[in-house]
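Q: First the structure, which I've put down as structure tokens, then a few questions once you've had a look.
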Amino acid sequence: MLSTIAIGSDHAGFHLKVKIIEVLNNQGINTIDKGCYSEDSVDYPDIAHGVAEELHTKKASRGIVICGSGNGINMSANKHALIRSALCWEPEIASLAVRHNNANVLALPARFISESKALECLYAFISSEFEGGRHERRVGKINPC
């Protein structure tokens with residue numbers, strides 16, 4: 001079971017982030033909140049970099065990033081070596097991202113997903129494990145340097 005997840009959002013994802021933290025904490029999963037802390041406008045790359053840093057320092061084993069479309073914060077997270085952030089809007093995509101692509105960050109599009117669908121994606125993400133095997137070679141080619 002996951003022990004700690006780093007999470008962050010921009011202003012568009014603030015309310016969804018708060019809900020996800022509540023759900024994770026109720027399941028006994030610790031969270032590291034990297035912002036934002038209100039609906040005041042912030043720059044999503046700063047949030048994504050903060051979440052990625054928690055994974056690099058091994059303070060968290062996985063991360064969650066949320067912005068309006070999910071794209072900007074996902075792209076920002078993926079600029080970090082060894083971060084494999086997957087933009088998900090369906091639980092099957094979240095599960096496959098972990099099982100086949102060893103995703104360690106879940107990106108959610110707050111303006112294009114319902115809270116209930118986001119939580120389904122969350123559950124799929126946290127309950128899935130990397131299958132390895134034939135997928136290991138492919139994942140190894142994501143960051144060849």
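The values are calculated or read from the model by the stated rules, or taken from the named source; none is laboratory data. Since we're looking at a predicted model, the values are computed, not measured. Here Cβ is always computed from backbone atoms with ideal geometry, including for glycine, and neighbour counts include all displayed protein chains.
Q: Within the group 115, 129, which residue is surrounded by fewer than 17 Cβ atoms within 10 Å (Cβ to Cβ), modelled with pLDDT of 95 or more, closer than 19 Å to residue 4 by Cβ and in contact with a Lys or Arg (Cβ under 8 Å, 6 or more places away or on another chain)?
A: 129 is the lone residue from the list that is surrounded by fewer than 17 Cβ atoms within 10 Å (Cβ to Cβ), modelled with pLDDT of 95 or more, closer than 19 Å to residue 4 by Cβ and in contact with a Lys or Arg (Cβ under 8 Å, 6 or more places away or on another chain).
Q: Quick one: in the stretch 41-84, which of the residues that are more than 23 Å from residue 113 (Cβ to Cβ) and small (Gly, Ala, Ser) is farthest from the chain's Cα centre (by Cα)?
A: Checking each candidate, the answer is 81.
Q: Does residue 85 fit the bill of being over 15 Å from residue 17 (Cα atoms) and of a type outside the set (Lys, Arg)?
A: yes
Q: While we're looking at this one, here's another question. Could you say which residue among 82, 108, 16, 24 is of a type outside the set (S, T, N, Q) and modelled with pLDDT under 95?
A: Matching residue, one of 82, 108, 16, 24: 82.
Q: List the pairs whose first member sits in the stretch 55-72 and is at positive phi, whose second member is among the hydrophobic types (A, V, I, L, M, F, W, C) and assigned to a strand (DSSP E or B), and whose Cβ atoms are under 9 Å apart, counting only residues at least 6 apart or on separate chains?
A: Between residues of the stretch 55-72 that are at positive phi and residues that are among the hydrophobic types (A, V, I, L, M, F, W, C) and assigned to a strand (DSSP E or B), the close pairs are 70/87; 70/107; 70/108.
Q: Here is a check on your reading of the model: is residue 101 under 30 Å from residue 136 (Cα atoms), surrounded by fewer than 23 Cβ atoms within 10 Å (Cβ to Cβ), under 12 Å from the mean Cα position of the chain (by Cα) and at pLDDT 95 or above?
A: no
Q: In addition: Only one of (1) crowded, with 23+ Cβ neighbours inside 10 Å; (2) farther than 26 Å from residue 131 by Cα fails for residue 14. Which number is that?
A: All conditions are met except number (1).
Q: As an exercise: evaluate residue 41 against (1) touching a residue at least 24 places away in the same chain (Cβ under 8 Å); (2) in a loop (DSSP other than H, G, I, E, B); (3) under 20 Å from residue 127 (Cα atoms) and give the number of the one condition it does not meet.
A: For residue 41, the failing item is (3).
Q: Any idea which of (1) touching a Phe, Trp or Tyr at 6+ places or on another chain (Cβ under 7 Å); (2) not aromatic (Phe, Trp, Tyr); (3) not in a helix (DSSP H, G or I) is the one residue 32 doesn't satisfy?
A: Condition not satisfied by residue 32: (1).
Q: Now, a different point. Kindly check whether there is at least one residue in the stretch 2-19 that is in contact (Cβ under 8 Å) with a residue 12 or more places away in the chain, more than 18 Å from residue 109 (Cα to Cα) and in a loop (DSSP other than H, G, I, E, B).
A: yes
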